Amino acid sequence: MAVTDHIRTLRPLSELDYHDSRSILLPGPITALDAWNFITQETGPLMRLAFKTRDAVSALFGVKRIGGFSGKRLESVQAGDRLDFFVVESSAPDRLILTNRDRHLDVMICLSIMDRLLTVTASVVTHNAFGRLYMLPVGLVHKLILRGDLRRLQRRLARTGQASLPAPGTGA
């Protein structure tokens with residue numbers, strides 16, 4: 001199976017309003033949920049500010065607040081569970097598919113691991129002017145934040161030499 005066969009998006013690429021896919025080579029085996037846990041566990045002050053700003057502006061347009069990532073580490077999830085503001089569509093050791101759908105836009109995040117290559121893919125379909133306007137800053141910021149998150153994950157795994165990641169503040 002080609003790596004791209006393992007990655008899911010909301011629609012074919014030509015029908016998406018936003019698409020970003022970033023990959024890193026993992027120094028050891030981890031699960032897609034391990035990667036998600038790491039990426040969402042330690043959000044810095046800039047990320048917290050971004051979520052607060054998003055919620056404040058979006059509330060003016062009747063969009064539900066999301067509050068950001070809880071940082072809660074989960075050992076397992078299944079379809080239908082919630083990971084913060086995302087719904088788990090599918091969960092396997094090598095792939096985690098999450099969605100968030102509302103009247104302004106639909107978002108899918110796919111974390112896929114194949115041959116130690118972790119790929120995080122975001123796909124978005126907008127439904128109206130607010131969704132398109134919302135994605136202008138979010139699309140730019142998302143790329144920067146994800147790039148940094150993936151570099152931190154790669155460095156931490158290489159430094160610890162561990163297949164799984166300890167909780168923040170417990171070493172490594």
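Against the criterion of being on the phi > 0 side of the Ramachandran plot and either at pLDDT below 90 or crowded, with 18+ Cβ neighbours inside 10 Å (or both), Gly169 qualifies.
Count of the stretch 76-87 residues, restricted to those that are touching a residue at least 24 places away in the same chain (Cβ under 8 Å), within 16 Å of Thr31 (Cβ to Cβ) and not aliphatic (A, V, I, L, M), is 1. Of everything listed in (1) in a helix (DSSP H, G or I); (2) within 19 Å of Leu140 (Cα to Cα); (3) free of Cβ contacts under 8 Å to residues at least 60 places away in the same chain, the single unmet condition for Ala50 is (3).
Can you say whether Val63 is closer than 21 Å to Val125 by Cβ and assigned to a strand (DSSP E or B), as far as the supplied structure shows? Answer is no for this residue. If you filter the stretch 1-53 down to residues that are at pLDDT 85 or above and small (Gly, Ala, Ser), you find that the one that is nearest to Thr121 (Cα to Cα) is Ser21. Does the stretch 91-102 contain any residue that is of a type in the set (Gly, Ala, Ser), assigned to a loop (DSSP other than H, G, I, E, B) and either surrounded by fewer than 15 Cβ atoms within 10 Å (Cβ to Cβ) or at pLDDT 95 or above (or both)? No: zero hits.
Quick one: in the stretch 9-28, which of the residues that are in contact with a strand residue (DSSP E or B) (Cβ under 8 Å, 6 or more places away or on another chain) and closer than 22 Å to Leu153 by Cα is surrounded by the fewest Cβ atoms within 10 Å (Cβ to Cβ)? Out of the qualifying residues, it is Leu25. Restricting Val120, Val107, Val88, Val138 to residues that are part of a helix (DSSP H, G or I) and within 15 Å of the chain's Cα centre (by Cα) narrows the list to Val138.
Of Arg116, Arg65, all but one fail to be at pLDDT below 95 and under 19 Å from Thr31 (Cβ atoms); the exception is Arg116. Among the residues of the stretch 123-135, the ones that are small (Gly, Ala, Ser) and either part of a helix (DSSP H, G or I) or modelled with pLDDT under 95 (or both) come to 2 in all.
The values are calculated or read from the model by the stated rules, or taken from the named source; none is laboratory data. Values in this document were obtained by computation on a predicted structure and should not be read as measured data. Note that we place each Cβ from the backbone using ideal geometry, even for glycine, and neighbour counts take in every protein chain shown.
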